Every structure is written in structure tokens, then in C-alpha cells.
1. If you filter the stretch 123-221 for chymotrypsin sites (Phe, Trp or Tyr not before Pro), then keep DSSP loop positions with at most 10 other Cβ within 10 Å, what is left?
2. So what does HIS223 come to for accessible area, using a 1.4 Å probe and Å² rounded to 10?
3. Express the Stokes-Einstein translational diffusion coefficient of the stretch 201-296 in µm² s⁻¹, to the nearest whole number, given a Kirkwood radius over alpha-carbon pairs, 25 °C and a viscosity of 0.890 mPa s.
4. Could you give the accessible area per residue of the chain, probe 1.4 Å, as a whole number in Å²?
5. Given 10 Å bins starting at zero, what is the percent of C-alpha pairs of the chain in each, up to the one with the largest pair distance?
6. Under unit Cβ charges (Lys, Arg +1; Asp, Glu -1), what dipole magnitude, rounded to 20 debye, does the stretch 36-75 have relative to its Cα centre?
7. Restricting to DSSP H runs of at least four residues, report the calculated mean residue ellipticity at 222 nm for the chain, -39500 (n - 2.57) per run over all residues, nearest 500 deg cm²/dmol.
8. What are the lysines whose alpha-carbon lies under 25 Å from the alpha-carbon of LYS84, with same-chain residues fewer than 8 places away excluded?
Amino acid sequence: MAPAPAGPIRIGVDLGGTKVEAVALDGAGRALARRRVPTPRHDYPRTLDAIAGLVRDLEAEIGSGGTVGVGIPGAISPATGLVKNANSTWLIGRPLDRDLAGRLGRPVRLANDANCFALSEATDGAAAGARVVFGVILGTGCGGGIVVDGGMLTGPNAVAGEWGHNPLPWADEAEHPGPPCYCGKRGCIETFVSGTGLARDFREAAGRDLACPEIVARAEAGHGDAEAALGRYENRLARSLAALVNVLDPDVIVLGGGMSKVKRLYAGVTRLWERWAFSDRLDTRLVPPAHGDSSGVRGAAWLWSDGPGVPEGGTT
Ligand SMILES: [Zn+2]
């Protein structure tokens, strides 16, 4: 028997490239129910149906309505109110938040998935209680988000935290101009510090393909080619985060995504990053996520951390 819900119900939805996940949190952040369905790729109306269906199913299961926040691989443009920068391209140019609000009969808040990750870890995760938090997802790509005093920082262009599309700092000759990035430029941080970037670097140096977990396992087992690739990765991540510290100086940096599971990175990067930071020492904490893969969906729910539990007419 589930515990009785405490406080307002907040529903979070994480719209990913392969699956849509949803969770209902009570006021204390306890997960009351979870659901997931495959993402209806390249089909906007069915994507709306999938999200609305998950919300209604969760509400039926827990017997209560809630607020709805959605994390997306992109952002709502403040200028147009339409989705931009989404690698799920069928969302681009759509008023996703308004369309969902229409289907669900209540306001719906949307945010970038990396921002949701940062918000989750800052609210009740690895960076709880910290004033300035940078969350970065190191997975297929590389997204970043900033939370200050418990609130997400987005900015007039909705790109705050998108450090992954700055160039790799202090690049050497071999790293310049760097691999092409899907954003249209070359040498973006993302092309080096994403899991995809590690696999590409290994392939170019070793002449064969290995998936990231295998590269990490081979490095741990002492294989020279994998160890060298992971060493380059650590050095590049240390440089990239030192440049970020020089701008934002966050109290805590939380890593997420597949590469956040590589335990040696935390000591490895913090041993190196002082070389590049504009400070004689760095007291920044670099930590793994407390909520793991659930952080995206939890952060989407926390988009309503300042708001009412059940908006007027919002129950189903
Ligand atoms: Zn880029």
C-alpha cells in the first residue's frame, strides 16, 4: 500500500527521443506512480496524445490531479513561443506547451531536459541546498542547465547553460578545428565530452569501434588504447569545466547521463581542472547525480515547485 500523498501533486513528463516517461510526486518529492511509453517519433499529434494519456493514467492511478511540467530535448523560444533547438525535429516550430495545455485543461510548463536535470538535483538531489548549481548531461549529446537559489536560469534566448556548443577551450593542434557538430560548427565541447565524442576519439586513435562502456571497462583493465582515450576525455572535460567555472563559478557541478557513471572522472577531473581555472585553487564540488536517470522526469515535476498543487479545473 502506497503511503498517503503529502502536499500538492506534481506530475513530471520527460519527452525523450525513444521513450516518454512520467512520474507523479507528492509534496515531499516521493514518487507515487510512474509510467512510460515509446515516443511516437515524427508524429506530433500522437506525441501530444502520448503525454496527455500518461498524465491522465497517473491521475487515475493515484486518484488525484496535479500540475504538469514537461522536459523536452529543446526549448520554447521566448521570441516566438515555439519549440526550437530540438533534436526531436518534429517538435520544432510547434507551440507544444499551449497545445498540451489545451488537451489537459490547465497550464503546462515546459523546459529543456538538461535544465530539468539541474533543477531536480538542486531541489532534492546531489546539490540540494547549494546556491548556484550547474547540471550537465554527458550522454549521446551534452546539455547543461543552471539553477540559482532554487530557480532555473533560462535567459532571453533560452540558451543559458548550453556550454556544450562553445568551442573546446585551450585546444591543441590535433584538436583544432575539431569534429563537425550537428549545430553547424566544428570543435564544440559536445563533440569531445559526450559519450559519442569519447567513442569517436577512441575510434580515430585505435582504428576500431567500441561502445563507451567497453572503452571504460578496458581502461579499468589496464588496456593502453582505452586508458589513453579516457585520459584525453578527462583532460578535455577538466578544461571545459574550468572555463565554465571562470564564467559562472557554481558551488556544485552535477554530472548526469551515461558518462556520469564513470567513477574515476570525479577525482580525475578535479585533480586537473585547477590548471586552467583563474584561481589558485578550486573548491567547486563535482558530484554524481542522486536521482540517476530519474532526474529529468523529477525536475520536470519541480517546474511547479512555486505553484499550486492542483490548478483550478485541473483534475481529470
Ligand atoms: Zn555544436
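The values are calculated or read from the model by the stated rules, or taken from the named source; none is laboratory data. The shown structure was predicted, so the numbers you read here are calculated from the model rather than taken from an experiment. Backbone-built Cβ (ideal geometry, glycine too); neighbour counts: all protein chains shown. In case anyone asks, the SASA skips ligands and DNA or RNA and just uses the protein heavy atoms, side chains included. Shrake-Rupley method; radii C 1.70, N 1.55, O 1.52, S 1.80 Å.
1. none
2. Rounded to the nearest 10, that gives 80 Å².
3. So the translational diffusion coefficient is about 171 µm²/s.
4. Roughly 44 Å² per residue, with all protein chains present.
5. 6, 27, 33, 22, 10, 2, 0
6. 160 debye
7. The per-residue figure over the chain is -10500 deg cm²/dmol.
8. Qualifying lysines at Cα under 25 Å: LYS19, LYS185.
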